[in-house]
Amino acid sequence: MSDLQEIIELSDQITKNSDLLINKIAEMSYNAANAGGVSPFIFGLTVFVLACFVGYFVVWRVTPALHTPLMAVTNAISGIIIVGAIIALGSAKSFSLISIISFLAIVIASINIFGGFLVTWRMLQMFKK
């Protein structure tokens, strides 16, 4: 009989410990979900700065034979940027930071595309002579 009583007490203790463990796990998962982490602004700024460095080195270290394909790819990327910025500008509910950044993206990408077409036109004029 004492063995049965001891087993019952141990099972009660295991049940209490499992309840405490479940509560601790829930608390730890809540704390992990709400941990500081990386700010989205800092993450975006880091990606932007790294993209600037990579772009600089890609453009200035490319061989002259690859300038035309590089310009074509740059114009294609600028076209995609313009489409994305127009979509973002259209979805902005009011005048906000998103609308300002979208407008600047449209202007800068348009300048890039226009410059690419101008350089291509000048290169084609060199072949006509």
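Where a number appears in this text, it was derived from the coordinates with a stated rule and is not lab data. What you see is a predicted model, and the numbers here were worked out from it, not measured in a lab. As a convention, Cβ positions derive from the backbone with ideal geometry for all residues, glycine included, and neighbour counts pool all protein chains shown.
Observations on the structure shown:
- Computed over region 59-128, the ratio Rg/Rh where both radii use C-alpha atoms and Rh is Kirkwood: 1.13
- In the chain, the longest principal axis of the Cα atoms and the axis of helix 2-33 are about 20 degrees apart.
- Most fluctuating residue given options Asn75, Asn112, Asn34, as computed from a GNM of the chain linking Cα atoms under 10 Å: Asn34
- Most mobile listed residue (Ile25, Ile77, Ile42) in the chain, GNM with C-alpha springs under 10 Å: Ile25
- Inter-centroid distance (Cα atoms) of region 9-26 relative to region 34-96, Å: 52
- Peptide packing for 115-124, 88-97 was compared via the average number of neighbouring C-beta atoms within 10 Å per residue; ordered from the highest value, the list is 115-124, 88-97.
- Once the Cα atoms are used to define both axes, helix 40-60 deviates from the longest principal axis of the chain by about 40 degrees.
- Over the chain: helical MRE at 222 nm, DSSP H runs n ≥ 4 each giving -39500 (n - 2.57), nearest 500: -30500 deg cm²/dmol
- Angle between the chain longest axis and helix 67-91 axis [Cα atoms, degrees, rounded to 10]: 60
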